[in-house]
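To keep things clear, I will list the structure first and then write my remarks on it.
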Amino acid sequence: MIKSINKEPIIKRSIILSSVLIIISIIILNIIHINQLNLIYNKQMDVTNRIIGALIVKYPGEELEIIDALKEDNKDISLKGKEIINRYGYNENNIFKDNNFKDYSNKLVFLFLIISLLLVIINIFLFNIIFKKFIEFAQSISDYIDNFINDNYKVNEEIEEGVFSGVISRLSDLGKKLDVERNKLKCERDDLKELVTDISHQLKTPLASLKLYNSILKEEINEEDRKIFLDKNEGVISKLHNLIDALINISRLESKMIEIREENKSIKQTIVKAINSLYLKAMDKNINISVDEFEDIKLYHDPKWTEEAIFNVVDNAVKYTKKGGHINISTSKSINYFRIDIKDNGIGIEKNEINNVFKRFYRVNNDMVKNTEGSGVGLYLSRKILQAQGGNIICNKNIDKGTTFSLLLQKCNI
């Protein structure tokens with residue numbers, strides 16, 4: 001409680017001002033009280049002087065006895081005096097009725113009431129300031145919440161450093177975070193819309209082909225043509241199957257349904273598994289895949305999905321390298337990354353196309369690419385997998401011929 005008060009300047013100043021005013025009022029009241037007591041004392045002494053003077057004038061020879069009676073604490077004499085005073089109506093037993101003290105007592109009570117009332121008014125005024133500040137602060141919080149509900153996350157209020165400023169600062173941080181999340185959701189919504197459009201576009205052509213081939217098969221055609229169209233159907237179905245598999249992987253990865261699980265495993269084993277899956281495909285085109293010898297190390301990565309990323313890149317190299325071509329795989333290490341270079345002598349990629357090949361469903365405008373089975377999602381998926389592990393993938397056009405894709409994996413506890 002005390003710490004919170006010390007942190008808020010307005011409350012702190014109000015309490016200090018109120019305390020100072022109370023102390024000053026107490027001092028003034030004590031001064032007035034002492035002054036009034038002194039006046040009452042002087043009045044009492046004046047009465048006593050008159051009584052002593054009257055007695056001595058009446059009995060000049062009894063002066064010493066009279067003075068001694070004043071000094072002595074003689075209850076009998078005191079009671080006798082009280083009886084005489086009461087007989088003549090001078091003892092009212094009430095300070096407010098006694099003519100000797102009434103003016104002083106009334107003045108003292110009046111001053112006490114005035115100062116007390118003044119203190120109450122001052123404290124009400126200070127309380128009103130603090131209460132007004134709390135109301136304004138609560139209203140500003142309410143306004144900001146209304147703005148947040150209406151997608152306005154800006155917090156521009158600047159106040160003195162304290163408890164209120166701390167709340168406003170946290171509210172500002174919340175607004176910034178909500179703004180980031182809103183933009184993120186907007187991007188995801190736009191990506192989803194684009195994905196649906198891309199999927200519908202990608203599926204439209206093969207489905208149209210299937211429909212066409214199927215309608216031809218329903219007609220009376222010879223067995224040889226039937227076999228040709230059945231083979232075409234099989235090719236289209238295979239393409240659809242591969243496309244759907246790729247789309248499922250992309251959607252699962254982007255929606256966080258696929259969890260990247262990094263393990264401290266052999267990177268060499270992951271690379272070999274990816275290449276082994278493609279040797280038969282490479283042999284069909286008489287393409288030689290060579291791997292430079294390198295020291296095996298344990299690297300934190302997801303073996304399954306990293307293998308998928310490598311497979312996609314090597315698969316592209318096999319598809320777009322002509323028969324009798326060559327693919328070389330080499331590795332290197334830097335301070336932060338383990339690098340896998342996949343170099344081919346295929347058709348290559350123009351410089352203006354390099355940034356586009358990692359886009360979803362993008363295919364280079366090339367006759368060989370158009371006539372080769374593919375969906376344009378392999379490189380996109382590979383980049384997503386590597387980025388999810390803190391890595392990346394880059395593409396460079398070879399000086400002589402072909403392309404080099406460099407896969408970067410973060411080094412941790414090697």
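The values are calculated or read from the model by the stated rules, or taken from the named source; none is laboratory data. For clarity, every value in this text was computed on a predicted model and none was experimentally measured. Note: ideal-geometry Cβ built from the backbone for every residue, glycine included; neighbour counts use all protein chains shown. Quick note on the areas: whole protein, heavy atoms, side chains included, nothing else; ligands and nucleic acids left out. Shrake-Rupley method; radii C 1.70, N 1.55, O 1.52, S 1.80 Å.
Structure data summary
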{"read-out": "Region 234-353, accessible surface, carbon-and-sulfur percent (1.4 angstrom probe)", "value": "49 percent"}
{"read-out": "Per residue value of the accessible surface for region 204-340 (all protein chains in place, 1.4 Å probe), Å²", "value": "61 Å²"}
{"read-out": "Under 5 Å, built H, 5+ apart or other chain: amide partners of Asp302", "value": "Glu263"}
{"read-out": "Region 264-307 - percent relative contact order, Cα under 8 Å, separation 6 or more", "value": "70 percent"}
{"read-out": "Calculated FRET value between Ile216 and Lys177, using beta carbons and R₀ = 41 Å, to 0.05", "value": "0.10"}
{"read-out": "Ile115/Thr48 FRET efficiency (R0 22 Å; Cβ-Cβ; nearest 0.05)", "value": "0.10"}
{"read-out": "Extension gain (nm, one decimal) between Ile28 and Lys82, 0.36 nm per residue minus Cα-Cα", "value": "15.8 nm"}
{"read-out": "Global geometry of region 241-332, whether rounded, prolate or oblate, following the gyration tensor of its Cα atoms and the 1.5 cut on a/c", "value": "oblate"}
{"read-out": "Over 19 Å between alpha carbons, listed pairs Lys43/Lys107; Lys281/Lys384; Lys204/Lys285; Lys322/Lys401; Lys268/Lys333", "value": "Lys281/Lys384; Lys204/Lys285"}
{"read-out": "Two-site FRET efficiency, Thr197 against Ile237, from Cβ-Cβ distance with R₀ of 25 Å, rounded to 0.05", "value": "0.60"}
{"read-out": "Proximal lysines to Lys218, defined as alpha-carbon separation beneath 17 angstrom and excluding residues fewer than eight positions away on the same chain", "value": "Lys227, Lys232"}
{"read-out": "Rounded to whole Hz, the Karplus (6.51, -1.76, 1.60) HN-Hα couplings of region 392-409, x for glycine and proline", "value": "6, 9, 10, 10, 9, 7, 5, 5, 7, 6, x, 9, 10, 9, 10, 9, 10, 10"}
